[in-house]
Amino acid sequence: MAYIHGTFRDIRNTPIEVHILTNGDKTKEVIIGEDGLFFGGDTPIEITEDNDDLFTPIIKKSCTINLVTDKYIGDTIYAENSRNAKVLIKKGDKVIFSGYVEPNTFQQPYVDVLDSFTLNCTDALSTLQYFQYNDVTSKNFDEKRSDATTVSFKGMLDKVFDDGMLSIDFLSN
């Protein structure tokens, strides 16, 4: 329900842009560095790769975004599912992270005048663990199971991409 974005500079004076779009809705714009929301900590963002060993076929990335605010922003940044709060981070002209805010993890303290908190983000591939293929729920599980067929991993990925579930291109809109 908001487009949250801002820029800071790293130690080499390279601009780092952070873009967060919730529910695909840009009607409310919040600029990090203004509007009472600021980058926090010594490292405003940290990107890590999950690379256990040489034989890991898929390398997943995660990111944390450290922020400080003087007001409650949970209503604009809370991710209720795995793909409704998109995140794009660019270093100069290069995308260094694209993914989503991890669902149901936002917590903001209410003790100090300035609250510092961290947004946990996962890459698009990691959101597949939350994906409900063919809209299966606990209510329609028996019906879906009786109609079930074998689906390949490629078939599942094709459906995910066809539905636009993993699209993160929101800067052009």
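For the reader, a short list of remarks on this structure follows.
- Criterion (among the charged types (D, E, K, R), closer than 23 Å to S126 by Cβ and at pLDDT 85 or above) met by exactly one of E34, E17: E17
- Exactly one residue out of F8, F38 is in a strand (DSSP E or B), open to solvent by 40 Å² or more (accessible area, probe 1.4 Å), touching a strand residue (DSSP E or B) at 6+ places or on another chain (Cβ under 7 Å) and touching a residue at least 12 places away in the same chain (Cβ under 8 Å): that is F38.
- Scanning segment 1-14 for residues that are among the hydroxyl-bearing types (S, T, Y) and either in contact with a Lys or Arg (Cβ under 7 Å, 6 or more places away or on another chain) or modelled with pLDDT under 90 (or both) turns up Y3, T14.
- Within the set K86, K71, the sole residue that is of a type in the set (K, R) and either within 20 Å of T122 (Cα to Cα) or assigned to a strand (DSSP E or B) (or both) turns out to be K86.
- Top-ranked residue of segment 98-138 - restricted to ones that are closer than 19 Å to P44 by Cβ and β-branched (V, I, T), ranked as modelled with the lowest pLDDT: T105
- Selection of segment 11-35 for residues being under 22 Å from I73 (Cβ atoms), touching a residue at least 40 places away in the same chain (Cβ under 8 Å) and in a loop (DSSP other than H, G, I, E, B) yields N23, G24, K26, K28.
- Restricting segment 139-173 to residues that are modelled with pLDDT of 75 or more and acidic (D, E), the residue that is nearest to T27 (Cα to Cα): D158
- Within segment 11-35, considering residues that are touching a Leu at 6+ places or on another chain (Cβ under 9 Å) and over 23 Å from V113 (Cα atoms), the one most open to solvent (accessible area, probe 1.4 Å): E17
- The combined condition, being within 22 Å of A2 (Cβ to Cβ) and at pLDDT 80 or above, is fulfilled by T27.
- You will find that of S62, S82, the residue that is under 11 Å from the mean Cα position of the chain (by Cα) and crowded, with 19+ Cβ neighbours inside 10 Å is S82 and no other.
The values are calculated or read from the model by the stated rules, or taken from the named source; none is laboratory data. This is a predicted model, so every value here is computed, not measured. As a convention, Cβ positions derive from the backbone with ideal geometry for all residues, glycine included, and neighbour counts pool all protein chains shown. With ligands, DNA and RNA removed, areas are computed over all heavy atoms of the protein, side chains included. Shrake-Rupley method; radii C 1.70, N 1.55, O 1.52, S 1.80 Å.
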